[in-house]
1. Can you find even one residue in the stretch 107-114 that is within 24 Å of residue 206 (Cβ to Cβ) and in contact with a helix residue (DSSP H, G or I) (Cβ under 7 Å, 6 or more places away or on another chain)?
2. For the stretch 221-232, check the following and say yes or no: at least one residue is under 15 Å from residue 92 (Cα atoms), modelled with pLDDT of 90 or more and of a type in the set (Val, Ile, Thr).
3. For the stretch 274-360, which fully contained helices (runs of 4 or more DSSP H) count at least 2 residues that are among the polar types (S, T, N, Q)?
4. Every residue in the stretch 66-111 that is modelled with pLDDT under 85, of a type in the set (Lys, Arg) and loosely packed, with under 14 Cβ neighbours inside 10 Å, please.
5. Of all the residues that make up the stretch 287-318, how many are closer than 18 Å to residue 346 by Cα and more than 21 Å from the chain's Cα centre (by Cα)?
6. Please tell me if residue 183 is under 23 Å from residue 52 (Cα atoms), surrounded by 18 or more Cβ atoms within 10 Å (Cβ to Cβ) and not acidic (Asp, Glu).
7. Given (1) within 30 Å of residue 365 (Cα to Cα); (2) assigned by TED's automatic domain parsing to the domain that holds residue 64, identify the lone condition not met by residue 240.
8. If you check every pair at least six apart or on different chains, which have Cβ atoms under 7 Å apart with a residue in the stretch 148-170 that is in contact (Cβ under 8 Å) with a residue 40 or more places away in the chain and crowded, with 16+ Cβ neighbours inside 10 Å first and a residue that is of a type outside the set (Asp, Glu) and not in a helix (DSSP H, G or I) second?
Amino acid sequence: MLKDAFARFSRHTVIYAIAGQSSRIVSFVMIRFFTKHIDLGGYGVNEMLSVMLSVLAYLAGINMADTMARYYFDSADAKYRRTVVSTAVLAVAGASLLLGALLALGAAPIGRLLGGDSPDMTRLVLITLGILVLQTLREMFFSYLRIEERSTAFGVVSLCKSAIEIGLQIWLVGYRDMGVLGMFWAVLAGEFLAVLFMSLWVLPAVGLGFSRPLFRSMALFVAPLIPTGILQFCLHSGDRFILKWMTNEEQVGIYALAYKLGLVPNLLLLSPFLLVWYPYVFSLADDEKRRHFMARFTPYFMFAMTVACLGVALLAREVVTLMAGKVEYRPAWIAIGPVCAGYWFWGCFQIVQTGFHIRRQTRHMPALTAVAVAVNILLNVALIPSLGFVACAWVTMVTFAVLFAITVRAVRPVFPVPWPWRRVFVPALSAAALCVAGSVADLAPGMTSIGIKLTGFLLWLTWMWAGGFLGPDERNALTGVLRGFIRKD
């Protein structure tokens, strides 16, 4: 089972990393372009609107995508599965349209709250609400493709959508000088074309059937996930509002860049991994198989997260120097390491909380998340006056660590798993120590500093290979796989 899981996870995760997260990858690649054409205040406004979009997506029921995956495998009957998909799509379409229409009535005051009295802010809020409706629908269609393991089709649609968005953004922002407004018009166009295509393709296959009993059951499952999603939004993005309230939009702009770069391991590994993780775990019919798989597979994935986080954190200063279009953004490098560490703990939390979904006991999650939110708010309010945007990064790390710790304890009686935490934390703690040592290397001249850091990274990897993480049997198995690839070539 583990060998099959590695094959399926590696194949689909690579495709999702390249295509499923293509819009975020494009956003990362375009950082230098945007920071060159948009000032700190505008970049802060973009961040605030993106945050608003995230929380509204939870209110619109975007978590119904995961619920659809959970219910889809309850029966092998094709008609039942089509009904699950169509019921979820219709429910989310209705909820997002209603929410978007209601908020559109207050677009002007919302715009003033987020970014001042500029007439562009009202238009930006309306465009964001349009993106909300289209994005939630597109996510439902993409969830269907993930459930069916049609990662190639998923990838083609995602890449086409991203190509349209990046082309329009270069034109509207770079040549038409439309700033943040151009960024959002481009996203709206990409979402519209993706939803139009997916509707014409998916809906004829699944139909428009709607089951009230099934909807009620799915709604009861997803209901606790709505406040959980909003609270998790506070964990991910609420610090921007506190930072803006206690400082200014320029601090938000610098922190937004640091967060985006610190999010790279999450973007490249965790997000695409979770797209495969939940459907695969739900597809395992036996609980003992689920426990065995989760315990065996977790150390390998978290080691991959450790490698990615270490690489980004070690070279944070160099990456910001390369990616920042204006010198005003360069202090962002200080916050990248803690953000990376925070998302490492977020990965642990996501894996551990799977037990609640397996048992359909999602009611536990709002209270756990609320505790973490309280910690986040209190620490940010206490530390931002003295540390500014850097405080938000360290608080992110502490908050996610707290959420992981309390979830481990809460999920144990619900769905106990024999987690091998030593194999997870030993590589991570040694990587953290290397990051601290790497900060000393920043005192050296540019190329010397890079050389010292890369040498330390390679020595750490050698230690992991020699026994810090991999055992003799694992090294032999991995060597055999690599030799197989070489022979094929």
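The values are calculated or read from the model by the stated rules, or taken from the named source; none is laboratory data. Values in this document were obtained by computation on a predicted structure and should not be read as measured data. Neighbour counts are summed over all protein chains in view; Cβ atoms, including those assigned to glycine, are modelled from backbone coordinates with ideal geometry.
1. No: zero hits.
2. no
3. Fully inside the stretch 274-360 and qualifying: 287-314.
4. none
5. Qualifying residue count for the region: 1.
6. yes
7. In the conditions (1) within 30 Å of residue 365 (Cα to Cα); (2) assigned by TED's automatic domain parsing to the domain that holds residue 64, residue 240 misses (2) alone.
8. Final answer for the pair search is 166/30; 169/30.
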